[in-house]
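Structure first, then comments.
No lab work stands behind these numbers, since they all come straight from the coordinates. Nothing here was measured: the structure is a model prediction, and the numbers come from that model. We place every Cβ from the backbone using ideal geometry, glycine too, and count neighbours over all the protein chains shown.
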Amino acid sequence: MKYRIIETEDYYSLAVLFKESGLEVNPEDVKPESIIKMWRCENSQSGELLGGAIVQLLNGIYILKDFAITEKYRNCGIGKELLFHVEEEVAKYGAGEMWLVGKTPEYYKKFGWEKVAFEDAPKFSKCFVCRQYNKTCFPSIMKKEID
Ligand SMILES: CC(C)(COP(=O)(O)OP(=O)(O)OC[C@H]1O[C@@H](n2cnc3c(N)ncnc32)[C@H](O)[C@@H]1OP(=O)(O)O)[C@@H](O)C(=O)NCCC(=O)NCCS
């Protein structure tokens, strides 16, 4: 299957995918103003959504806010392509580094991301003030140098 990665303004479609993928996103919410870019990966012929990624800029910190591949297309290398694309695009801002809070640290580690201790991380995510954080939900804080 041929696919392409393109920028999109369609927040709702991505938000639905993120919610279906188990991320803490409500498609009915207004798109956060801090989002600076969104990408969709789609079937080149049919336009079917295969994956999506959203980058946020908060207090000078570039954050991979949400990232998912449609379930039936996982483990085909699409996530890797999309992640590399996003990293390349964010590097163009002169960002230097990128951050995320994620539940799949082993995945990101494969691609050069490293875990950062809570005490050493900027407090960029609403996860950090969530009552479930490190009680019933244990996401990892991760960073990647992208120069
Ligand atoms: C995590 C996710 C984005 C990976 O996308 P994908 O397209 O399935 O991944 P890829 O096909 O690019 O996988 C590349 C490599 O990572 C591995 N991998 C895939 N998912 C993994 C996971 N959850 N943990 C560790 N490694 C994983 C693959 O086996 C593959 O390994 P290989 O190169 O040695 O063969 C996808 O599973 C997903 O959308 N999950 C639900 C939403 C989610 O968890 N998003 C991230 C939240 S922080």
Checklist outcome for this item: Quick note on 64, 49, 58, 14, ordering by fewest other C-beta atoms within 10 Å, gives 58, 49, 64, 14
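Let me have the 222 nm mean residue ellipticity of the chain computed from DSSP H runs of 4+ only, each contributing -39500 (n - 2.57), with the sum over all residues rounded to the nearest 500.
Numbers: 3 runs with 29 residues, N = 147.
After summing the helix terms and dividing by the residues of the chain, the value is -5500 deg cm²/dmol.
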Next on the checklist: For the chain, set up a GNM with springs between Cα atoms under 10 Å and report which of 71, 119, 81 has the largest fluctuation.
Outcome noted: 119
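Please report 73, 62, 93 as a ranked list, fewest other C-beta atoms within 10 angstrom at the top and most at the bottom.
Details: 73 18, 62 25, 93 14.
So the residues, fewest neighbours to most, are 93, 73, 62.
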Checklist entry - Would you list 107, 3 from fewest to most Cβ contacts within 10 Å? => result 107, 3
Checklist entry - Based on the Cβ-Cβ distance of residue 88 and residue 46, what FRET efficiency does E = 1/(1 + (r/R0)^6) give at R0 = 35 Å, to the nearest 0.05? => result 0.85
Checklist entry - Where the convex hull is taken over the Cα atoms of region 62-147, what is its projected area averaged over directions, in nm²? => result 6.1
Checklist entry - Dipole magnitude of region 3-145 about its Cα centre, charges +1 at Lys/Arg Cβ and -1 at Asp/Glu Cβ only, in debye to the nearest 20? => result 440
Checklist entry - Reachable aspartates and glutamates from residue 126, Cα under 12 Å, same-chain residues fewer than 8 places away excluded? => result 24
Next on the checklist: Suppose each label sits 7 Å from its Cα in the direction of the beta carbon; what would the residue 104-residue 123 distance come out to in nanometres?
Outcome noted: 3.0
Next on the checklist: Viscosity 0.692 mPa s, temperature 37 °C: give me the Stokes-Einstein translational D for region 3-145 in µm²/s, with Rh taken as the Kirkwood radius over C-alpha pairs.
Outcome noted: 211
